[in-house]
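I have placed the structure first, in the form of structure tokens, so that the comments after it can refer back to it.
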Amino acid sequence: MSFADRAVATLGFHLQQLFARKLRRGAALPAPAAARAVTDLRYRLRRDGLKRALLAECFTLYPGQRQAHVAAAAERLAVGGVVELADPAERQEALALAALAHALHGDSVHLMAATEAAAKALHGRLHAPFAAFGLRVALLEQSLSAAARREAYAGEVVCGAHREIAQDHLRDRLLDGERRGALASRVQRLSTPGETPLMPQGLRCALVDDADLVMLDDALAPAAIATEVDQSRERLLYEQAIELARALTPGTDFSVEEGGVIRLTEPAARVLERLVTPLGGIWSARQRREQLVGLALEALHLLERDVDYRVANGRVEFPERRKDGEEANDADEEVQKLVEVKEGCKLGARRELLARLPMPRFFARYRHLAGACADARELEDEFWSFYALKTWLAGRRPPASPPAVRVFATGAARNAALAGLLREHVAAGRKVLLAARSAREAQGLQRLLQEEQVSGDIALTALSGVRMLPAPREAALVIAGLPDSRRQVEQGRRACGGGTCEVLFALDEEAVATKLARPLRLISGLCRRGGELTPWGARLLARHAQRAAERANRGARLDLQARERAMDDLLAFSGRRE
């Protein structure tokens, strides 16, 4: 580049910054000397890139004192990679420094967190310091309208939950119409100014907090957009079936055999054939016609309101009629819809999938991807396999403090010990966070507390939702059920302010522990009175079970990656886009 070209570029850059500052009327601008330094640094970052010397100069402009390992972590995040940093405050500061460097470089930064509450915390930390540089930090919330989301994405830095941002990316893809041709859809969008994308700058830079949770643990659940299907024609079909069934007389036209099986007589079959002649369509097929009418007779004569089902808030609610492990069949679903028509209720919503995107593929679409987490041990291979990101340790790891593990031979013994432990904490005036592995298990614990009449300052949640809960600080963490990994225990402990942690689980409820549970039961002296294992046996079993669960989760994620690659090959061979 010649001297004249460099001078013209510098002059144009300064004019652009002057005009941009006039547009930001509400932004707090730095002092003149600092403003000139920021403008000069921004120009050099865009001209020379994210070089180490420029990053160090950028970090010195950010207010506050920081340790050397925080600056080193921020530098690594700015160039790409996963940083292991135990302290949450230091981790947020490193993410803020990396976000500042990329924002000054001209990249649109998406600062992602696992939950909306964590994103709000990041926004509150970054809003004021970034405003001093003339940079806007926007917060993406679930309740925002399309116009508000579009305005938020226009900011230099956007803080939001990773799934909210992935959903908006899918909405933009649907708007672009990649399934029917991007060029035609974009021409159509130019002719209709009301349809504008939510992310005008696309996916440029992603900085992820709690990268182990967001990028790995949540990788199995894809982002998806679905819409409710119009069921007017389906409802008309069931209304016709109900009316045809009402035209038949019990005992004469049909009979109820043993087991609730309804049999139509031959005269009734001929009557139905005459009645459906004007209807045509699906009613022309005798087997399907008699099947639908038989199900409608079951809904009219065999299922009673407030006995077999109940109606609440305009919805029909059936109790669980299937046995454990038995899947619902089409006949059960059709009977439920016939009952909804019989009671004049709205049909249960049926949704159609419009777009689906696995989370690893979503993150891989960013030009720059980096993340920070509290513990990345044994995850290095997965970060590299999924995202081609290397992992670095910043600072020192905190000393390991394993939880107190108690193992019981039966679920009843575990529940009795759990109720007694909670009573002890409540009697001592402690706050308690009781966590289960899933939402379903948390509902079972809620029933247990009601049956045992255990009350007090007890917050109940699923272990996967501990970080979403306004957890009581400095509370005792009690986990009912063995967590899938030791990282989940540390996450729950951090949510409770680093308090005590106890894990209680039963052998008959832990499928992952069966391989080791059987030989442990055979060893005499392992079980105490009440069916509880000795402490060393409980620790041995917990370590084995958690390692098995982590291997299973890792295998599931790698299997997902292999399936996505196979799908890519099939779509490429067929000439279609995903």
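Does at least one position in segment 163-178 carry a residue that is at pLDDT below 55 and in the same structural domain as residue 98 (by TED's automatic domain parsing)? Scanning segment 163-178, I find at least one residue that is at pLDDT below 55 and in the same structural domain as residue 98 (by TED's automatic domain parsing), so the answer is yes. Filter segment 70-94 down to the residues that are under 25 Å from the mean Cα position of the chain (by Cα) and of a type in the set (A, V, I, L, M, F, W, C) and list them by number. 77, 82, 83, 85, 86, 89, 94, listed by residue number. Restricted to segment 434-467, and to residues there that are among the charged types (D, E, K, R) and under 30 Å from residue 373 (Cα atoms), the residue that is modelled with the lowest pLDDT is 467. Taking segment 370-414 as the search range and keeping residues that are of a type in the set (Val, Ile, Thr) and under 25 Å from residue 479 (Cβ atoms), which one is nearest to the chain's Cα centre (by Cα)? Ranking the qualifying residues of segment 370-414, first place goes to 405. With the requirement that a residue be crowded, with 21+ Cβ neighbours inside 10 Å and assigned to a helix (DSSP H, G or I), what does segment 363-383 give you? Selection gives 363, 382, 383.
Annotation: residue 394 fulfils all but one of (1) within 30 Å of residue 209 (Cα to Cα); (2) modelled with pLDDT of 80 or more; (3) in contact with a strand residue (DSSP E or B) (Cβ under 9 Å, 6 or more places away or on another chain); (4) surrounded by fewer than 19 Cβ atoms within 10 Å (Cβ to Cβ); the unmet one is (4).
Pairs are defined by a Cβ separation below 9 Å, a sequence spacing of at least 6 or placement on different chains, a first member in segment 45-68 that is in contact (Cβ under 8 Å) with a residue 60 or more places away in the chain and not assigned by TED's automatic domain parsing to the domain that holds residue 107, and a second member that is surrounded by 12 or more Cβ atoms within 10 Å (Cβ to Cβ) and assigned to a loop (DSSP other than H, G, I, E, B); no pair meets this definition. Taking the criterion of being more than 30 Å from residue 106 (Cβ to Cβ) and in contact (Cβ under 8 Å) with a residue 24 or more places away in the chain, would at least one residue in segment 361-369 satisfy it? Within segment 361-369 (the criterion being more than 30 Å from residue 106 (Cβ to Cβ) and in contact (Cβ under 8 Å) with a residue 24 or more places away in the chain), the answer is no, since none of the residues qualifies.
Residues checked against (1) within 30 Å of residue 380 (Cα to Cα); (2) at pLDDT 90 or above:
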| site | (1), (2) |
| --- | --- |
| 32 | no, no |
| 40 | no, no |
| 64 | no, no |
| 74 | yes, yes |
| 93 | yes, yes |
| 101 | yes, yes |
| 108 | yes, yes |
| 117 | yes, no |
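Once segment 496-512 is narrowed to residues that are assigned to a strand (DSSP E or B) and of a type in the set (A, V, I, L, M), the residue that is modelled with the lowest pLDDT is 506. Which one is nearest to residue 252 (Cα to Cα) among residues in segment 291-311 that are part of a loop (DSSP other than H, G, I, E, B) and of a type outside the set (A, V, I, L, M, F, W, C)? Here the residue is 304.
Looking at segment 218-290, the strands (runs of 3 or more DSSP E) lying wholly inside it that each contain 3 or more residues that are in contact with a strand residue (DSSP E or B) (Cβ under 7 Å, 6 or more places away or on another chain) and surrounded by fewer than 16 Cβ atoms within 10 Å (Cβ to Cβ) sit at 223-228.
Reported count of residues in segment 370-385, each being in contact with a helix residue (DSSP H, G or I) (Cβ under 6 Å, 6 or more places away or on another chain) and farther than 25 Å from residue 89 by Cβ, is 1. When we screen 214, 208 for residues that are at pLDDT 85 or above, assigned to a helix (DSSP H, G or I) and surrounded by 20 or more Cβ atoms within 10 Å (Cβ to Cβ), the only hit is 214. Whether any residue in segment 413-427 is at pLDDT 85 or above and in a strand (DSSP E or B) is what I want to check. Taking every residue of segment 413-427 in turn, none turns out to be at pLDDT 85 or above and in a strand (DSSP E or B).
For segment 372-431, filtering for residues that are farther than 22 Å from residue 449 by Cα and not β-branched (Val, Ile, Thr) leaves 31.
The values are calculated or read from the model by the stated rules, or taken from the named source; none is laboratory data. Keep in mind that what you see is a predicted model, and the values were worked out from it rather than measured. Neighbour counts are summed over all protein chains in view; Cβ atoms, including those assigned to glycine, are modelled from backbone coordinates with ideal geometry.
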